[in-house]
Amino acid sequence: MMRDIHDEMRELIALGDSLSGAQQEQLRAHLQDCADCRSYAETAVKALQALRSVNIAAGTRLVHATQTRVRFHAARLREARERMWLVGLACLAVGLSATLTAPLLWRLFAWIGESMGLSALVWQTGFAVFFIAPALVVSLLLIARGAHLSDQTRNWK
């Protein structure tokens, strides 16, 4: 089914300012030749101006509810930003402590391995597990807590 050129132009008129340059030029050329579409465009412009001139006042309950929700969400964003700052500081502290203690722990595990007669592979594996295990445990706890929080958020909405 072929669409009528006038229907296409009316759709372009309805789009208003969101037209591309080529569409605007096509519409402009059509409006110069077609009185019906030109009349439709003028009526649409007048209707839009009439709608924009109407003052709509929100009720006090709506304004109060909106302000309350905006303040609530602003407070939550502020708390999240503060938590991220603390998380960043904690990551920095953990990184520094890991950097400073890794050589000492390496020497400790080497000494324990030598004194117990363990092979290098065994005490080095023990060191790796001991060094990585706390990060893995904390990661699993944070993932579990994050999944719990996302479930609560989904239920809240």
task = Run the quick spin-label model on Thr125 and Val63: label points 7 Å from Cα toward the beta carbon, then report their separation in nm to one decimal.
result = 7.2
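So what's the net charge close to Ile5: Lys and Arg +1, Asp and Glu -1, counting the other residues with Cβ under 12 Å from its Cβ? Walk me through the intermediate numbers first.
On the way: positive: Arg3, Arg10; negative: Asp4, Asp7, Glu8, Glu11, Asp33, Asp36.
Result for the neighbourhood of Ile5: -4.
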ask   = Measuring from label point to label point, each 7 Å out along Cα→Cβ, what is the Gln32 to His6 span in nm?
value = 2.1
message = Can you compute 3J(HN,Hα) from phi for each residue in the range 96-110, using the Karplus curve 6.51 cos²θ - 1.76 cosθ + 1.60 with θ = phi - 60°, rounded to whole Hz and x for Gly and Pro?
response = 5, 5, 5, 5, 6, 8, 4, x, 5, 5, 4, 5, 4, 5, 5
key: HN-Hα J in Hz across the range 132-144 - Karplus 6.51, -1.76, 1.60, θ = phi - 60°, x for Gly and Pro   = 8, 4, x, 5, 5, 5, 5, 4, 5, 5, 5, 5, 5
Charge dipole (debye, nearest 20) of the chain; +1 at Cβ of Lys and Arg, -1 at Cβ of Asp and Glu = 940
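With a cut-off of 8 Å between alpha carbons and a minimum separation of six or more residues, what is the relative contact order of the chain in percent?
11
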note = Taking the reciprocal of mean 1/r across every pair of different Cα atoms in the chain, the Kirkwood radius in Å is 24.0
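Could you please tell me the mean projected area of the C-alpha convex hull for the range 5-53, averaged over all directions and given in square nanometres to one decimal? List each step's numbers first, then the result.
Working: hull surface 13.1 nm².
In nm², the orientation-averaged hull projection of the range 5-53 is 3.3.
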ask   = Cα axis of helix 5-15 to longest principal axis of the chain: angle in degrees, 0 to 90, nearest 10?
value = 50
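Tell me, in nm to one decimal, what length is gained between Ala133 and Trp106 on full extension, where the rule is 0.36 nm per residue of separation less the Cα-Cα distance? Let's see the in-between values first.
Working: separation 27, 0.36 × 27 = 9.72 nm, distance 1.52 nm.
Full extension of this stretch gives 8.2 nm more.
Rounded to the nearest 0.05, what FRET efficiency do Asn55 and Leu142 give with R0 = 35 Å and r taken as the Cβ-Cβ distance? Could you check? Intermediate results must be reported in sequence, preceding the final value.
On the way: r = 51 Å, r/R0 = 1.45.
In this case the efficiency is close to 0.10.
Readers should treat all values here as calculations from the given coordinates under stated rules, not as data from a laboratory. Note that the structure is predicted; figures quoted are calculated from it, not measured. All Cβ positions, glycine included, derive from the backbone under ideal geometry; neighbour counts span all protein chains shown.
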